[in-house]
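Comments concern the structure below.
The values are calculated or read from the model by the stated rules, or taken from the named source; none is laboratory data. Nothing here was measured: the structure is a model prediction, and the numbers come from that model. Quick reminder, even Gly has a Cβ in these numbers, built from the backbone with ideal geometry, and neighbours come from all protein chains shown. Remember, those area values only see protein heavy atoms, side chains included, never the ligands or the DNA or RNA. Shrake-Rupley method; radii C 1.70, N 1.55, O 1.52, S 1.80 Å.
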Amino acid sequence: MQKTERLPQRWAILAVLCLALLVVVLDNTVLNVAVPSLSSGLGASTSDIQWMINAYSLVMAGLLLAAGSLSDRYGRKRALMFGLALFGLGSLVAAFAGSPIQLIIARAVMGIGAAFLTPGTLAVLVRVFDNEERAKAIGIWAAVSSLGIAAGPVVGGFLLAHFWWGSVFAVNVPIAVIGFIAVALLVPESKDPVGKYPDILGGVLSAASMAALIYAVISGSEHGWTDSRVLGTFAVGVVLLAVFIWWQRKTDNPMLELSMFANPRFNGAAAGGVLAAFGMGGSLFLLTQHLQFVLRFSPLEAGFRIAPLAISVLISSSLLSARVGKVLGQGPTMAAGMTVASGGLTLIALVDPAIGYLPTFGGLVLIGLGVGLAMPVAAHAMMSAIPLERAGTGSGINQTLQEIGASFGVAVLGAVLTARFVGGLPADLGPDAGRSLPAALSAAAGHPETAAAARDAFAAGMSSSQLIGALAVLCGGLLAGFLLRRAEKSQPVTVPQHA
């Protein structure tokens, strides 16, 4: 294979891609700490707040696969610029929204932009870097993604402490403008040379099925898993997904090449990634509650105390993952990383909260080191199993699976927490006490022993949920390790160089 000349501006391009990714990931978590400010600033109801959060994730998850496919056909650079423009416009409108409905619509527009940005960054990355440097570049990309998740509450808390509620959106605008200009000047255009016309029906079916499934998961935690609306929406999502698969088999110009799923390396990365996202997404969602409700930190204090996770992910992803993967191979590295992360979750789950923050600190470091080791390997394995001309579609699949896994993790582990918490509450607190720990403490006002029992019930529920998350992460790592190891023995990692 003839080695092609490396782009001299490739590391500057990576910086631009990471900047675009960071702003998208931050927006997934920064809104959580802004809920009280939005409620008072816009007079938003609980239902309004839920839609402000869900409009973004629903639209993004529904469009990820279609956006990745469109970027392959019409150009990945164009897709990035389009995503940045929409994300910046939506952020500007959101920052100065005068009503809840305006903010909900703006968040949906931001979700469309994010759907083009998220897979676009990885698709461009694998085109710009060759085989020798690609693993290192993906490690940096993954580190920035994890850093954004952990830094969201800190950034949000800082902005809200010094500025108005719209600042959590306004900060995106200059970043989007800078990113748009940098992409226009630095990133070379690339697209599928054999792409003809878009699979419109496939795109509609993909978006509708993913949105329905994610909405059912989100609604399940609110209305209950046996609610007719939840079951009905889930059934619609499954039927639409089945129709989508049928159409992809039937059409001459499919949006998604189902032959990808015959590749053992692809399946290993996908299966492990879903289980890892399930465990990590749900566990990290609960971790903020653990820090605030069990260890009794303020939201901003809790955000800062998640920093060890971000730092250890940054170190492990950028400095260790590519080197360890080269020595051990993708399978063993994936298994080792997720085993370490599972150990961190287990430590947080099993140690008595009365000891304080130190065990949580140790658990966070282990989680960060493990995730930072494994996730770049998973992304590299999946992208190496896909032809470069379909890089956008492959990245869209990767991000969609991550969204589905994380959404199910939040819903399932949250349900476990609630069931254990409600079951352990003193009977004399009343039915409304089970809504949350603050509600239970309010009902127990003036009764220290009852309040202590409520805290113990919540801590027990948190422990059970974290243990299930740890088990899912461990199983995901072992499964991915086994499948990737088998794939490595049968076929070496070969990704064709870009022209």
### Task
Give the carbon-plus-sulfur fraction of the accessible surface of region 167-286 in %, rounded to a whole number; probe 1.4 Å, heavy atoms of protein chains only.
72
### Task
Beta carbons within 10 angstrom, averaged per residue: use that to sort the peptides 152-164, 112-124, 451-463, highest first.
112-124, 451-463, 152-164
### Task
Just subtract the alpha-carbon distance of Ala307 and Ile101 from 0.36 nm times their residue separation and send over the number in nm, one decimal.
70.8 nm
### Message
Suppose all protein chains stay in the model; what accessible area per residue would a 1.4 Å probe give for the chain, in Å²?
### Response
41
### Calculated [θ] (222 nm, deg cm²/dmol) that DSSP helices of n ≥ 4 give over the chain, each run adding -39,500 (n - 2.57)
-26500 deg cm²/dmol
### Task
Mind ranking 17-23, 258-264 by how tightly packed they are, going by the mean number of other C-beta atoms within 10 angstrom, highest first?
17-23, 258-264
### Query
If you line up the long axis of helix 172-186 against the longest principal axis of the chain, both from Cα atoms, how many degrees apart are they, to the nearest 10?
10
#### Entry: Distance (nanometres) between label positions extended 7 Å along Cα→Cβ at Ala419 and Lys326
4.7
#### Entry: Helix axis angle, 228-250 relative to the chain longest principal axis, alpha carbon, degrees
10
